[in-house]
Amino acid sequence: MTPILSLRHLCKTFRTAGHEVQALVDVSLDVAGGECLAIVGESGSGKSTLASLVLGLYPPTTGEILLEGRVLPATRTLVHRRAIQLVQQNPASALNPRRSIGASLRLALDVHGIGAPAERRSRVAALLADVGLSADLASRAPSALSGGQRQRVAIARALACGSRLVVLDEPTSALDVLVQAEVLRLLARLQAEHGLTYLFITHDLAVVRNIATRVAVFQRGRLVELAATEALFTDPRHPYTRRLMAAVPVITEEEKAMRDRLAWEDA
Amino acid sequence: MNTLEIRDLRLSFRLPVGTVEVLHGISLRIARGERVALVGESGSGKSVTARIILGLLQEQRGVRLAGDIVFQGRNLLRLPPRERRAVRGTRISMIFQDPTSSLNPVFRIAPQFREVLARATPDLSEKAARARAAELLDEVAIPDAARVLDSYPFQLSGGMNQRIMIAMALANRPALLLADEPGTALDVTIQAQTLDLMRKLVVDHGTSVLFISHNLGVVREFADRTYVIYRGRIVEAGPTEAIFHDPRHAYTRALMAAQPRITGGGLPDIPERSDDFLAPLIEHEAAP
């Protein structure tokens, strides 16, 4: 089966006055339709660069990106933009504060010409219902919503044009733990119901273990380990992966034992 | 003797729409050299508590405070403003969440450090301040002090800036350190190093710490005792081990249940938000 997304020898080098930064170095990987691939790494690992390249915000220096077997051009057309959607980390800045929730959702429908204009109001209500929000919220401003509600709106907007691939950039990092649990459940349900594929960018390994199908670990622009989630957590191979796991603050004895075992094996 | 004792602290803001109660009578104590965590979600009142201790909120309009904050035997809420300000940055200091934005971007590190040292020693010469700053940077494992002192904050990494903030906060050997989500803005490996370093320093100097965080894992790693705060009320208090081993309050249990585990087990259940969250304080016995 053709992967929904393929990265082939992707490199991105940023040149500023005086020096070069290699943000991504020869990254190749496939994302299977319907999976949740976690992209894990610390700041400077290249995970956000990877997201920007997939979204087409800027072109790669070398290498290519294929969507369902077809090479994506450096300048994306409307159809390409519709196919890959984004949910950002901070829902407070992701939504236009001057636009009502309904107008933000409707904008996606208008831009991509989805449904007859007369039906769009009811589509907006359906989108809100899909993420567990009341249709009454459509007339509200983002500032009138809680952080969790805003993130649900951002997710609804990503779903508005029926794309199959969603890039989630730290979607729950800015949320409180009780709200995070709700949003993670929502993401898992939507993935199952709509057959979505997630590129889940995060630094939170505890979240990764419980939502991802596979995990790609990045360090300084290089893909250092790629494995199925269970395999990665039971037998992490790369020293950097092990170091990341050993640094996670944990709350149960069981988790502490797992971390101590990693540290002990490395000593 | 306790370094800090807060008794029945109440805070409300008078707004045009009416009075908003933020703290509904919280009490907590920190013994000398003890590391105490105040853990809760955003809006629970944890950061505002630190700001009151530091005396930053008292100067705002429309703020109504009641209760006692006794620091080294003196009630901070009854001190005249001048004396209260003299305590800040000398005997009580604070580390904020984002190190890079807590440092002034238009000054190099050296003059900012000197300003901190001058709070306790006003007649310190520039040369002496620089020498002292270098010693303190050495304590936080920054070997290349000369280069760092001549740098601007944006030329240094987040981890480096956080170490500088820790060095500054401990520069005047405060009796109490308030740490508001330190390291949250940093990568996990750097965060772990930063916490280790902070723990070592406060143990060496016998500093008491009020550690404010929403991150249960970090609290477990750092604190001797923990207070869980929910909507302006302390709901559970006790030794950190006891609370994590046997959480008894409905809210604490919900927080723990909502935290995904690195050992797996699936996505956490969505804890039901219930009136039980507002149930009275549960206190664990102190370890014998």
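The values are calculated or read from the model by the stated rules, or taken from the named source; none is laboratory data. As the structure is a prediction and not an experimental result, all values here were calculated from the model. Ideal geometry is used to build each Cβ from the backbone, glycine not excepted, and the neighbour counts take in all protein chains shown.
Taking the stretch B:175-189 as the search range and keeping residues that are outside any strand (DSSP E or B) and surrounded by fewer than 23 Cβ atoms within 10 Å (Cβ to Cβ), which one is modelled with the lowest pLDDT?
Filtering the stretch B:175-189 down to residues outside any strand (DSSP E or B) leaves B:175, B:181-189.
Applying the additional criterion that residues be surrounded by fewer than 23 Cβ atoms within 10 Å (Cβ to Cβ) yields B:175, B:181, B:184-185, B:187-189.
Values: B:Ala175: 96, B:Glu181: 86, B:Thr184: 75, B:Ala185: 72, B:Asp187: 83, B:Val188: 84, B:Thr189: 84.
Only one residue tops the list, namely B:Ala185.
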If I ask for residues that are under 26 Å from A:Arg261 (Cα atoms) and not charged (D, E, K, R), which ones from the stretch B:256-272 would you list? B:Met256, B:Ala257, B:Ala258, B:Gln259, B:Pro260, B:Ile262, B:Thr263, B:Gly264, B:Gly265, B:Gly266, B:Leu267, B:Pro268
Quick check on the stretch A:166-174. Is at least one of its residues within 10 Å of another protein chain (Cβ to nearest Cβ), surrounded by fewer than 23 Cβ atoms within 10 Å (Cβ to Cβ) and aliphatic (A, V, I, L, M)? yes
How many residues are in contact (Cβ under 8 Å) with a residue 24 or more places away in the chain, assigned to a helix (DSSP H, G or I) and of a type in the set (A, V, I, L, M, F, W, C) when one looks only at the stretch A:242-257? 2
Which one of the conditions (1) surrounded by fewer than 19 Cβ atoms within 10 Å (Cβ to Cβ); (2) in contact with a His (Cβ under 8 Å, 6 or more places away or on another chain) does B:Val20 fail to meet, given that it meets all the rest? (2)
Just for the stretch A:67-89: of the residues that are touching a helix residue (DSSP H, G or I) at 6+ places or on another chain (Cβ under 9 Å) and assigned to a loop (DSSP other than H, G, I, E, B), which one is surrounded by the most Cβ atoms within 10 Å (Cβ to Cβ)? A:Leu72
So which residues in the stretch B:249-288 are surrounded by fewer than 16 Cβ atoms within 10 Å (Cβ to Cβ) and among the hydroxyl-bearing types (Ser, Thr, Tyr)? B:Ser274
Quick test for you: out of A:Arg164, A:Arg222, pick the one residue that is touching a Ser or Thr at 6+ places or on another chain (Cβ under 9 Å) and at pLDDT 95 or above. A:Arg222
B:Gly264 fails exactly one of (1) facing chain A (nearest Cβ under 10 Å); (2) part of a helix (DSSP H, G or I), namely (2)
Working only within the stretch B:221-248, note down all residues that are more than 14 Å from every other protein chain (Cβ to nearest Cβ), outside any strand (DSSP E or B) and either among the hydroxyl-bearing types (Ser, Thr, Tyr) or surrounded by 20 or more Cβ atoms within 10 Å (Cβ to Cβ) (or both). B:Gly232
Based on what the data block shows, is B:Ile109 modelled with pLDDT of 95 or more, buried (at least 17 other Cβ atoms within 10 Å of the Cβ) and over 23 Å from B:Ile53 (Cα atoms)? yes
Please specify each residue of the stretch B:78-101 satisfying the condition of being outside any helix (DSSP H, G or I) and surrounded by 18 or more Cβ atoms within 10 Å (Cβ to Cβ). B:Gly89, B:Ile92, B:Ser93, B:Met94, B:Ile95, B:Phe96, B:Gln97
(1) away from chain B (no Cβ under 12 Å); (2) crowded, with 16+ Cβ neighbours inside 10 Å all hold for A:Glu193 apart from (2)
For the stretch B:190-212 the number of residues that are closer than 26 Å to B:Glu41 by Cα, surrounded by fewer than 19 Cβ atoms within 10 Å (Cβ to Cβ) and more than 11 Å from every other protein chain (Cβ to nearest Cβ) is 2
What tally of residues in the stretch A:257-267 results from selecting those that are of a type in the set (A, V, I, L, M) and either touching a strand residue (DSSP E or B) at 6+ places or on another chain (Cβ under 8 Å) or at the interface with chain B (Cβ under 9 Å from one of its Cβ atoms) (or both)? 2
Checklist (1) in contact with a Lys or Arg (Cβ under 7 Å, 6 or more places away or on another chain); (2) over 16 Å from A:Val179 (Cβ atoms) applied to B:Arg248, failing item: (1)
Residues of the stretch A:242-256 that turn out to be charged (D, E, K, R) and within 7 Å of another protein chain (Cβ to nearest Cβ), as a count: 3
Any residue in the stretch B:209-230 that's in contact (Cβ under 8 Å) with a residue 24 or more places away in the chain: show its pairings with residues that are basic (Lys, Arg) at Cβ separation under 7 Å, as long as the two are six or more apart or on different chains. B:Val209/B:Arg35; B:Phe211/B:Arg35; B:Ile212/B:Lys46; B:Phe222/B:Arg35; B:Phe222/B:Arg199; B:Ala223/B:Arg35; B:Asp224/B:Arg35; B:Ile229/B:Lys46
I'm trying to understand the selection: among the residues of the stretch A:6-41, which are modelled with pLDDT of 95 or more, among the acidic types (Asp, Glu) and out of contact with any Lys or Arg (no Cβ under 8 Å at 6 or more places or on another chain)? A:Asp30
I need the full set of residues from the stretch A:32-58 which are among the charged types (D, E, K, R), part of a loop (DSSP other than H, G, I, E, B) and either buried (at least 22 other Cβ atoms within 10 Å of the Cβ) or within 14 Å of chain B (Cβ to nearest Cβ) (or both), in order please. A:Glu42
Residues of the stretch B:114-152 satisfying the condition of being part of a helix (DSSP H, G or I) and farther than 18 Å from B:Ser93 by Cβ: B:Glu126, B:Lys127, B:Ala128, B:Arg130, B:Ala131, B:Ala134, B:Asp138, B:Ala145, B:Ala146, B:Arg147, B:Val148, B:Leu149
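Looking only at the stretch A:1-31, count how many residues are among the hydrophobic types (A, V, I, L, M, F, W, C) and in a loop (DSSP other than H, G, I, E, B).
Count: 3.
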What pairs come out if I take residues in the stretch A:216-241 that are within 12 Å of chain B (Cβ to nearest Cβ) and pair them with residues that are crowded, with 16+ Cβ neighbours inside 10 Å and of a type in the set (Phe, Trp, Tyr) whose C-beta lies under 6 Å away, six or more apart or interchain? A:Gln219/A:Tyr240
